[in-house]
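Participant: Have a look at this one before I ask anything.
The values are calculated or read from the model by the stated rules, or taken from the named source; none is laboratory data. Please read all numbers here as calculations on a predicted model, not as lab measurements. Glycine also receives a Cβ, built like all others from the backbone with ideal geometry; neighbour counts cover every protein chain displayed. Note: accessible area is taken over every heavy atom of the protein model, side chains too, but ligands, DNA and RNA are not part of it. Shrake-Rupley method; radii C 1.70, N 1.55, O 1.52, S 1.80 Å.
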Amino acid sequence: MDRRRQLGEFLQTRRAQLRPEDIGLRVFGDQRRVPGLRREELALLAGVSASYYSRLEQGLSSNASPQVLGAIAQALRLNDAERRHLHALADGAKTQPTGRRPAPEKAGPAVRQLLDALADVPALVLGRHSDVLAWNRAGHALFAGHVDRGGPDRPGQRPNMARLVFLDGHTRELYEDWQAKARAVVGTLRLASGRFPNDPALAALVGELSVNSAEFAGLWADHRVKAGDTALYQMRHPLVGAMTVTQQALRTEQDQHVVIATTEAGSPSRAAMTLLVHTAATSPDRSEPATEESRAVPLPE
């Protein structure tokens, strides 16, 4: 991915979101040719020259200082996640690619111990471009029970949550507000593209999804990033029905994310989730032949 071009496109899209009235700029019958603020108006707000800001948007400058970036972020009214993304893009534009591929990802022993400890809570581990590196039984049952549970243990065949959300009908049907989930997935990939601009696997994934999903391509072009690590979703699971699920992402030292799904205590969603977790715990793996005992799944008390 071209880091300077990413920086320029991010600035352009965020500038286009600001209207003159948002910043108290009075317009008297002006026929504006561009959406949002003009470059010179944004430059004036940030206290930089219009020519310098134009070079940033055009990918012709890579030496913006943290102070200048802070001023531009304030002028654009960026949130904390967008500010971090802006600085990551600018830092990446200053460095030259090393030509070395990132090290292969895997879930370490400590993370796997955490998944084991969360046996009664759906959880999975996502890599930097949303590959599933590991999941517990409950996590597999909630997010992708229709795929092979052993997939994360085969690096070349790991399930990818972004690919599932955009290209898999079962996963799309899990979310009542699929658009909200799709925006979150793209926002997470955008953050990853700023942190790992030289990751060929990430670039290949973005290319694949852009070609195969017009919805992904449109969201990717918007350059929005995910604002937080917690989200509330209405999910419709084929086995247990509707649930209101809170998904929280915890970042590890290896820049992986442990995604944990919880429900409100005492709610119908908790009852449905308990049933799903119990069913997952008592069901055999696909590779194992079903026995008479395993076919009868008792309901939890």
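One line per residue, one yes/no per condition, for (1) surrounded by 20 or more Cβ atoms within 10 Å (Cβ to Cβ); (2) at pLDDT below 95:
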position	(1), (2)
Val125	yes, no
Arg137	yes, no
Pro155	no, yes
Glu173	no, no
Val186	yes, no
Ala192	yes, yes
Ala203	no, yes
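Participant: Modelled with pLDDT of 95 or more, more than 24 Å from Asn136 (Cβ to Cβ) and either of a type in the set (Val, Ile, Thr) or not in a helix (DSSP H, G or I) (or both): which single residue out of Val211, Val165 fits that description?
Facilitator: Details: Val165 fails: more than 24 Å from Asn136 (Cβ to Cβ).
Being modelled with pLDDT of 95 or more, more than 24 Å from Asn136 (Cβ to Cβ) and either of a type in the set (Val, Ile, Thr) or not in a helix (DSSP H, G or I) (or both) holds for just one of Val211, Val165, which is Val211.
Participant: Just to be sure I understand, how many residues within the stretch 214-241 are open to solvent by less than 40 Å² (accessible area, probe 1.4 Å) and outside any helix (DSSP H, G or I)?
Facilitator: 9
Participant: Just a yes or no: is a residue in the stretch 40-52 under 26 Å from Trp220 (Cβ atoms), modelled with pLDDT under 90, open to solvent by less than 40 Å² (accessible area, probe 1.4 Å) and under 30 Å from the mean Cα position of the chain (by Cα)?
Facilitator: So far as the stretch 40-52 goes, no, none of its residues is under 26 Å from Trp220 (Cβ atoms), modelled with pLDDT under 90, open to solvent by less than 40 Å² (accessible area, probe 1.4 Å) and under 30 Å from the mean Cα position of the chain (by Cα).
Participant: To continue, here is another question. For the stretch 250-280, enumerate the residues that are open to solvent by less than 20 Å² (accessible area, probe 1.4 Å), modelled with pLDDT under 95 and closer than 23 Å to Val185 by Cα.
Facilitator: Gln256, the sole residue that qualifies.
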